[in-house]
Amino acid sequence: MSILLLNGPNLNLLGTREPHIYGADTLADVERRFIDEAKSLGFAAQCFQSNHEGALIDRIHAARLDGTRGFVINPGGLTHTSVALRDAFAGVALPVMEVHVSNVHKREEFRHHSYISGIAEGVIAGLGVMGYSAALRFLAAKLSKA
Ligand SMILES: O=C1C[C@@](O)(C(=O)O)C[C@@H](O)[C@@H]1O
């Protein structure tokens, strides 16, 4: 059973990008911990980051055929703009956990709306990179019960 961690635009810059907002951990740190923690919960994990909406959508479609049982995604700025990303998740019909490192609700108004939340099992914002772990634990528990 495999869980796919997706990160959208600009999250490859984690650790150097606005560290007062996003912290000091890099994407490599996040992905390594995600894989290790998934393993400890009895799951395999795959990780994919792209700055391109279409590449993320193609990866979501591919997940239908590669044993993926659910997604954890930080869609980055696509959260607030992408109907197409939401439609991809709806089309694949596997559980999705949405993660934001920052508390988007404490920030600019344009970050308050998410196209993804309406199809997500849960939404985590403002826990820093610990949010990825919280999302993984919830999803693993849900999939273990299914
Ligand atoms: O790129 C990002 C990162 C983010 O998803 C977060 O993790 O807090 C919040 C988004 O508004 C922003 O565009």
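Show me the strands (runs of 3 or more DSSP E) found entirely inside region 1-111 where at least 3 residues are modelled with pLDDT of 95 or more and either closer than 19 Å to residue 122 by Cβ or among the aliphatic types (A, V, I, L, M) (or both).
2-7, 68-74, 96-100
Find all pairs meeting these conditions: Cβ atoms under 7 angstrom apart; at least six residues apart or on different chains; first residue within region 5-16 and in contact (Cβ under 8 Å) with a residue 40 or more places away in the chain; second residue near the ligand (Cβ under 9 Å from one of its atoms) and assigned to a strand (DSSP E or B).
7/74; 8/74; 11/74
Would you pick out the residues in region 10-32 that are within 11 Å of the ligand (Cβ to nearest atom), buried (at least 17 other Cβ atoms within 10 Å of the Cβ) and either more than 14 Å from the chain's Cα centre (by Cα) or not hydrophobic (A, V, I, L, M, F, W, C) (or both)?
Answer for region 10-32, where residues must be within 11 Å of the ligand (Cβ to nearest atom), buried (at least 17 other Cβ atoms within 10 Å of the Cβ) and either more than 14 Å from the chain's Cα centre (by Cα) or not hydrophobic (A, V, I, L, M, F, W, C) (or both): 12, 22, 23.
So, in region 88-102, exactly how many residues are within 10 Å of the ligand (Cβ to nearest atom) and surrounded by fewer than 15 Cβ atoms within 10 Å (Cβ to Cβ)?
The qualifying residues number 0.
The values are calculated or read from the model by the stated rules, or taken from the named source; none is laboratory data. Because the structure is predicted, anything quoted here is derived from the model rather than measured. Every residue, glycine as well, gets a Cβ built from its backbone with ideal geometry; the counts of neighbours run over all protein chains shown.
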